[in-house]
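Visitor: If you scroll down you'll find the structure; I have some questions about it.
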Amino acid sequence: MKNLTEEQKELILESFRKDPNIINITKIVFDDETLDGRSKEGRAVTKFLAENGLKAKTTKREKQKDIKLTPDQLNLVDSMRRDGLNTSEITDIIFNKTMPRLSAEWRAVNEVLHQDREEAKEEAPVNYVAPNALSRLIKKINDSTGYGLEEIKMSRTHHTCCDKLRINLSNSRFVAIVNNYSNFRDKELFEQEFIRLTWDKPDLTADELNLYMNVAKEIINLELITGHLQKLNDMFESADDQDEMTVRLAEIIKAKSSEYHQCETRIENLTKKLQGDRGARLANRQKETSSFLSIVQLFQEEEERKNMVHIAEMQKQIIKKEAEKLEGMAAWKARVLGIGIDDVL
């Protein structure tokens with residue numbers, strides 16, 4: 001508490017007789033227009049007056065009138081709420097000027113938003129159920145990628161991809177993310193983007209799957225921000241003659257544009273990391289496979305040489321046996337020498 005001088009005490013009493021308003025007395029006594037009754041100087045003046053049996057008057061703020069939003073304003077609130085704008089942004093746009101937080105206008109908008117959130121919580125959520133049948137998986141792949149898979153013409157690799165996708169769509173984090181989206185279109189888009197990015201990559205690790213989920217989430221954010229920017233730009237064009245409104249809209253558009261570019265950068269960085277990590281792993285695997293195939297090829301060549309040698313040895317043995325057999329044939333020798341039975345007789 002500030003100590004008052006005797007001179008200040010006399011000035012307080014003199015000022016009180018002319019005007020008992022505590023704010024005016026404080027400003028006069030301390031010669032400072034920024035002071036009011038809540039400052040330490042104002043509290044010192046109030047205490048001194050109370051000690052002398054005097055009660056100063058305070059300036060009462062007029063009670064703000066309740067604001068009732070019109071049906072058109074309520075529709076705007078609902079539209080901008082779905083676009084992701086917060087209470088302050090919606091209030092400024094609806095009332096065409098920057099409104100202080102906790103003002104009557106701000107409270108009216110916030111009450112509507114809070115009521116909408118409570119009603120949304122009361123609605124029974126529709127939980128995501130991962131597809132299990134092969135036909136449903138094929139349809140989701142075709143809808144997401146336009147690939148054109150046919151069950152009767154699927155290769156073994158395609159069957160492996162579908163089996164892995166079935167497991168991935170049942171992943172607890174994937175299901176939790178889908179269920180967090182209240183908008184059906186957002187749920188569907190997240191699932192489609194995840195399928196498009198991962199269905200033909202059955203070798204993904206758990207960490208890579210999480211990163212692909214993050215990419216799909218950022219794509220949803222990018223679409224939402226794009227919608228926000230479009231509506232804000234439309235509103236900006238409609239507010240040409242309202243200087244304060246255009247300034248506020250320009251600030252919001254600038255912030256949204258920055259958010260858009262940040263989201264694009266995150267998607268690009270995640271994609272590069274995923275392509276680099278998986279590419280390096282596949283290259284190492286190919287190298288290992290190539291080395292193994294080389295060993296197999298060398299082994300096969302060695303076996304071939306052994307077989308050829310074995311065949312040659314067998315042929316030699318056969319020729320030798322035939323020669324020995326011929327060597328022991330007396331009639332054959334006599335015929336070769338030209339000696340017949342008649343010559344002997």
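The values are calculated or read from the model by the stated rules, or taken from the named source; none is laboratory data. Computed from a predicted model, the values in this text were never measured in an experiment. Cβ atoms come from the backbone with ideal geometry, glycine included; neighbour counts cover every protein chain shown. Heads up: the accessible areas ignore ligands, DNA and RNA and are worked out on the full protein's heavy atoms, side chains in. Shrake-Rupley method; radii C 1.70, N 1.55, O 1.52, S 1.80 Å.
Visitor: If Tyr260 satisfies all but one of (1) modelled with pLDDT of 85 or more; (2) more than 21 Å from Val178 (Cα to Cα); (3) in contact with a Phe, Trp or Tyr (Cβ under 7 Å, 6 or more places away or on another chain), what's the number of the condition it fails?
Guide: The single condition Tyr260 does not satisfy is (3).
Visitor: Go through the range 145-188 and give me each residue that's assigned to a helix (DSSP H, G or I), aromatic (Phe, Trp, Tyr) and open to solvent by less than 70 Å² (accessible area, probe 1.4 Å).
Guide: First, the residues of the range 145-188 that are assigned to a helix (DSSP H, G or I): 145, 151-153, 156-168, 172-180, 184-188.
Filter once more, keeping what is aromatic (Phe, Trp, Tyr): 174, 184.
Scanning the range 145-188 gives a single hit, Phe174.
Visitor: Out of the range 228-240, which residues are of a type in the set (Gly, Ala, Ser) and surrounded by 13 or more Cβ atoms within 10 Å (Cβ to Cβ)?
Guide: The one that is of a type in the set (Gly, Ala, Ser) and surrounded by 13 or more Cβ atoms within 10 Å (Cβ to Cβ): Ala239.
Visitor: Right, another one. For residues that are among the acidic types (Asp, Glu) and touching a helix residue (DSSP H, G or I) at 6+ places or on another chain (Cβ under 7 Å), scanning just the range 89-113, find the one that is farthest from Phe236 (Cα to Cα).
Guide: Glu105
Visitor: Could you grab the pairs with beta carbons closer than 7 Å, sequence gap of 6+ or different chains, first residue in the range 212-239 and free of Cβ contacts under 8 Å to residues at least 24 places away in the same chain, second one assigned to a helix (DSSP H, G or I) and of a type in the set (Val, Ile, Thr)?
Guide: Note: pairs meeting the criteria are Asn233/Ile253; Phe236/Thr246; Phe236/Ile253.
Visitor: Moving on. When you scan the range 118-128, do you find a residue that is out of contact with any strand residue (DSSP E or B) (no Cβ under 7 Å at 6 or more places or on another chain), surrounded by 10 or more Cβ atoms within 10 Å (Cβ to Cβ) and at pLDDT 80 or above, even just one?
Guide: yes
Visitor: Give Glu268, Glu191 a once-over and let me know the one that is assigned to a helix (DSSP H, G or I), touching a residue at least 24 places away in the same chain (Cβ under 8 Å) and under 28 Å from Tyr147 (Cα atoms).
Guide: Numbers: Glu268 fails: touching a residue at least 24 places away in the same chain (Cβ under 8 Å).
Criteria check complete, one pass: Glu191.
Visitor: Could you count how many residues in the range 196-215 are surrounded by fewer than 20 Cβ atoms within 10 Å (Cβ to Cβ), among the aliphatic types (A, V, I, L, M) and either within 18 Å of Thr157 (Cα to Cα) or in contact with a strand residue (DSSP E or B) (Cβ under 6 Å, 6 or more places away or on another chain) (or both)?
Guide: Here the count works out to 1.
Visitor: Just the residues that are among the hydroxyl-bearing types (Ser, Thr, Tyr) and modelled with pLDDT of 75 or more, please, taken from the range 80-117. I'd like the intermediate steps shown before the answer.
Guide: Step one: list which residues in the range 80-117 are among the hydroxyl-bearing types (Ser, Thr, Tyr), which gives 87-88, 91, 98, 103.
Once the filter is applied, which keeps residues that are among the hydroxyl-bearing types (Ser, Thr, Tyr) and modelled with pLDDT of 75 or more, the range 80-117 yields Thr87, Ser88, Thr91, Ser103.
Visitor: Name every residue in the range 15-29 that is in contact with a Leu (Cβ under 7 Å, 6 or more places away or on another chain) and either modelled with pLDDT under 80 or open to solvent by less than 20 Å² (accessible area, probe 1.4 Å) (or both), in order of residue number.
Guide: Thr26, Val29
Visitor: Then there is this: Among residues belonging to the range 30-59 that are of a type in the set (Asp, Glu) and under 20 Å from Asn3 (Cβ atoms), point out the one that is surrounded by the fewest Cβ atoms within 10 Å (Cβ to Cβ).
Guide: Only one residue fits best here, namely Asp31.
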